[in-house]
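The values are calculated or read from the model by the stated rules, or taken from the named source; none is laboratory data. If you're wondering where the values come from, they're calculated on a predicted model, not measured in any experiment. With ideal geometry, Cβ positions are generated from the backbone for all residues, glycine too; neighbour counts draw on all protein chains shown. Only protein heavy atoms, including side chains, enter the accessible area calculation; ligands, DNA and RNA are left aside. Shrake-Rupley method; radii C 1.70, N 1.55, O 1.52, S 1.80 Å.
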Amino acid sequence: MHDVTISAINSFEQIGDARSKMLIQKLVKSIHDYVDEVELTQSEWEMAIDFLTRTGQLCHEQRQEYILLSDVLGVSMLVDEINHSKNVEQTPSTVFGPFFIANMPIRHYADSIVEENVNNEIPLLVKGKILNQQGEAIVGAKIEVWQTAENGMYSGQDPDQLLTNLRGAFISQVQGEYAFKSILPVSYQIPSDGTVGELLNYSKRHFWRPAHIHFMITAEGHQPLVTHLFIQDDEYLNGDAVFGVKDRLIVGFQQRNASAEDQAKFAVDANYNLIDYDFVLSEGE
Ligand SMILES: [Fe+2]
């Protein structure tokens, strides 16, 4: 090991918290090992600093280029795998992604998250239950959802959409039920106008993600679940730019004619597409 590597690692010896100390010292060692192994040149170092600087400068409340970078490097899914692989009953988790916006409106059971006029879209009803690992209903779980519009863009990213469009929070009912109306999501390209775009273009990688709806489900006494539902038969299911697809998260949808019961319960009045999916949460904090 180089003297400077040893000195740099030792300089963090005074950190009181053992976990933090280990994280920082290992990080310093990994970076030094990388620089040493590839014999990084001065200009390559400058390029890296410039890339990271510009990545940071792109970030603001509605844009998170660092999460996107973590996603396309596969780091987000590696963190996910390490932290969530042990429990088979629980609904699998996947990437959080860069497009979440907190504090979106709390909506009523079976309300629509569509706030803009959409062109002749067949309504989509997404419904199911929030359950624990014993199959019992979790009442009062908060289900936050977000998805793209027909143009493949999220509100916050697209100046033409209301910030609350295709987003919302729902609370699970007495038997754990949740339901909301929307439109089918579309496959979309992650943003290509930033440093992540430069990296993917340089690497001749594509920008596509298969169509999906994002979910973040939180309930007292349970581990939060961050996941997606992917729509089956999407051409990018085998080539997600951020490596986020898991088989158990791929769902089909059924075309339905609204019965009197559906009309009463979900306020759907003609043909609609149905996704029926139960989410299972693990106990814990
Ligand atoms: Fe997404």
Hey, Glu37 open to solvent by 60 Å² or more (accessible area, probe 1.4 Å) and within 15 Å of Met1 (Cα to Cα) or not
yes
Search the range 259-268 for residues being within 22 Å of Val145 (Cβ to Cβ) and more than 29 Å from the chain's Cα centre (by Cα), and hand back the single one that is least open to solvent (accessible area, probe 1.4 Å).
Asp262
Given the criteria more than 16 Å from the ligand (Cβ to nearest atom), closer than 26 Å to Ala110 by Cα and in the same structural domain as Tyr109 (by TED's automatic domain parsing), does Glu177 qualify?
yes
In this structure, does Val95 turn out to be of a type in the set (Val, Ile, Thr), open to solvent by less than 50 Å² (accessible area, probe 1.4 Å), closer than 16 Å to Ala211 by Cα and in the same structural domain as Val174 (by TED's automatic domain parsing)?
yes
For Ser76, state whether it is in contact (Cβ under 8 Å) with a residue 60 or more places away in the chain, open to solvent by less than 60 Å² (accessible area, probe 1.4 Å) and not in a helix (DSSP H, G or I).
no
How many residues of the range 106-154 are assigned to a loop (DSSP other than H, G, I, E, B) and more than 16 Å from the ligand (Cβ to nearest atom)? The answer is 24
Any chance the range 81-89 includes a residue that's within 14 Å of the ligand (Cβ to nearest atom) and of a type in the set (A, V, I, L, M)?
no
Looking at (1) part of a loop (DSSP other than H, G, I, E, B); (2) modelled with pLDDT of 95 or more, can you tell me which one Val88 breaks?
(2)
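One line per residue, one yes/no per condition, for (1) farther than 28 Å from Ser76 by Cα; (2) surrounded by fewer than 21 Cβ atoms within 10 Å (Cβ to Cβ); (3) not assigned by TED's automatic domain parsing to the domain that holds Ser182:
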residue: Phe100; (1), (2), (3): no, yes, no
residue: Val114; (1), (2), (3): yes, yes, no
residue: Asn119; (1), (2), (3): yes, yes, no
residue: Gly128; (1), (2), (3): no, yes, no
residue: Trp146; (1), (2), (3): no, no, no
Asn273: passes all of (1) among the polar types (S, T, N, Q); (2) within 17 Å of Tyr178 (Cα to Cα); (3) free of Cβ contacts under 8 Å to residues at least 12 places away in the same chain but (3)
